[in-house]
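Here the structure comes first, spelled out in structure tokens, and everything after it is commentary.
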Amino acid sequence: MAINIKTAAEIKKMRIAGKLAADVLTMIEPYVVAGVSTDELDQRCHNYIIDQQQAIPAPLNYKGFPKSICTSVNQQVCHGIPNQKKLKKGDIVNIDITVIKDEYHGDTSKMFYVGTPSPQAKRLSEVAQKAMYIGISQIKPKAHTGDIGHAIQKYAEANYCSIVREYCGHGIGKKFHDAPQILHYGKQGTGSELEVGMTFTVEPMVNLGKRHIKQLSDGWTVVTKDRSLSAQWEHTILVTETGFEILTLREEEVNWEHKL
Ligand code: MF3
Ligand code: CO
Ligand code: CO
């Protein structure tokens, strides 16, 4: 499938949508504490996106998804549906935000710790985050999508973690999920060649145990088959002449390249 190249005007809108999605994660951070339900987090993000940002929460009613954000707790890999269950100390939770502003999507997620995480939960989350950054660092014109996946897989597996294969990063723009697919595993030099003006996500799902997953009967929530913990981080990226621009970068991350 052909990969669409954004015009300067479209890139401007992608930057705005990306910034708004990032701002929701920053806004919600202080509320991710023991005793809060993921429904309350959903409500707060929903209201913020609608009332403060004059934007649209893309997940709501997307292929029938019932809420405005995804919240994936502990062994949940992705697409967790917010519910009335309260978070407790030691939980790890991914919050995945996608907003639509002026027809364009921004998509980003991060891990939150509820209280102090176990050493292995902290290690997993850090491996997943660094895997995402290492994948993003491969991005430049003429590189291939497979270079991203290869770098992510190599780093995660060297750190005794596994990469989920069934879900991948995706082109993004007017469409939520577009070409190309960004696999988080694979071989260098394979897949699509990157070009200036492409926009897509990098969003590895990393498990502490085996890579295999199953979907719950709610039709959405994905969990690890062996019930091991899972972590995910996601950014929306623009390919530039010199490499890449992270459209969903948060203030807390401005020095991320120093930690690689
Ligand atoms: N935000 C997810 C992604 O990164 C997709 C969520 S689809 C939903 O691609 F329907 F579950 F919201
Ligand atoms: Co995504
Ligand atoms: Co997402």
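The values are calculated or read from the model by the stated rules, or taken from the named source; none is laboratory data. The model shown is predicted, which means the values in this text are computed figures rather than measured ones. No Cβ is skipped: glycine too gets one built from the backbone with ideal geometry, and neighbour counts run over all protein chains shown.
Here are a few things to note about the model shown:
- Residues that are buried (at least 18 other Cβ atoms within 10 Å of the Cβ), within 14 Å of ligand 2 (Cβ to nearest atom) and among the hydroxyl-bearing types (Ser, Thr, Tyr), drawn from segment 49-99: SER72, THR98
- Residue check for LEU260: surrounded by fewer than 19 Cβ atoms within 10 Å (Cβ to Cβ), of a type outside the set (Val, Ile, Thr), within 16 Å of ligand 2 (Cβ to nearest atom) and touching a residue at least 60 places away in the same chain (Cβ under 8 Å): no
- Residue in segment 51-63 that is away from ligand 1 (no atom under 12 Å from the Cβ), touching a Leu at 6+ places or on another chain (Cβ under 9 Å), more than 28 Å from TRP256 (Cβ to Cβ) and assigned to a loop (DSSP other than H, G, I, E, B) present: no
- Residue in segment 224-235 that is of a type in the set (Val, Ile, Thr) and crowded, with 17+ Cβ neighbours inside 10 Å present: yes
- The residues of segment 156-180 include none that are among the hydroxyl-bearing types (Ser, Thr, Tyr) and crowded, with 22+ Cβ neighbours inside 10 Å.
- SER217 vs. criteria touching a helix residue (DSSP H, G or I) at 6+ places or on another chain (Cβ under 8 Å), at negative phi and of a type in the set (Gly, Ala, Ser): no
- Criterion violated by PRO180 - all others in (1) over 26 Å from VAL32 (Cα atoms); (2) without any contact (Cβ under 8 Å) to a residue 40 or more places away in the chain; (3) of a type outside the set (A, V, I, L, M, F, W, C) satisfied: (2)
- The number of residues in segment 113-135 being surrounded by fewer than 22 Cβ atoms within 10 Å (Cβ to Cβ) and either over 13 Å from the mean Cα position of the chain (by Cα) or charged (D, E, K, R) (or both) comes to 15.
- Filtered residue count, segment 31-48, keeping only those that are of a type outside the set (D, E, K, R), surrounded by 17 or more Cβ atoms within 10 Å (Cβ to Cβ) and assigned to a helix (DSSP H, G or I): 5
- Subset of segment 181-207 (residues that are within 16 Å of ligand 3 (Cβ to nearest atom), in a strand (DSSP E or B), surrounded by 22 or more Cβ atoms within 10 Å (Cβ to Cβ) and not aliphatic (A, V, I, L, M)): THR199, PHE200, THR201
- When segment 214-248 is filtered for residues that are out of contact with any strand residue (DSSP E or B) (no Cβ under 6 Å at 6 or more places or on another chain), away from ligand 3 (no atom under 15 Å from the Cβ) and within 23 Å of HIS105 (Cα to Cα), the ones remaining, listed by number, are VAL239, THR240, GLU241, GLY243.
- When restricted to residues that are assigned to a loop (DSSP other than H, G, I, E, B) and within 15 Å of HIS150 (Cβ to Cβ), segment 169-180 contains 0.
- Within segment 222-241, the residues that satisfy the criterion of being within 16 Å of ligand 2 (Cβ to nearest atom) and more than 19 Å from LYS154 (Cα to Cα) are VAL222, HIS235, THR236, ILE237, LEU238.
- Of the strands (runs of 3 or more DSSP E) that lie entirely inside segment 68-126, those containing 3 or more residues that are away from ligand 3 (no atom under 13 Å from the Cβ) and either closer than 18 Å to GLN53 by Cβ or at pLDDT 95 or above (or both) span 92-101, 104-113.
- Residue within segment 17-30 that is surrounded by 19 or more Cβ atoms within 10 Å (Cβ to Cβ) and among the basic types (Lys, Arg) present: no
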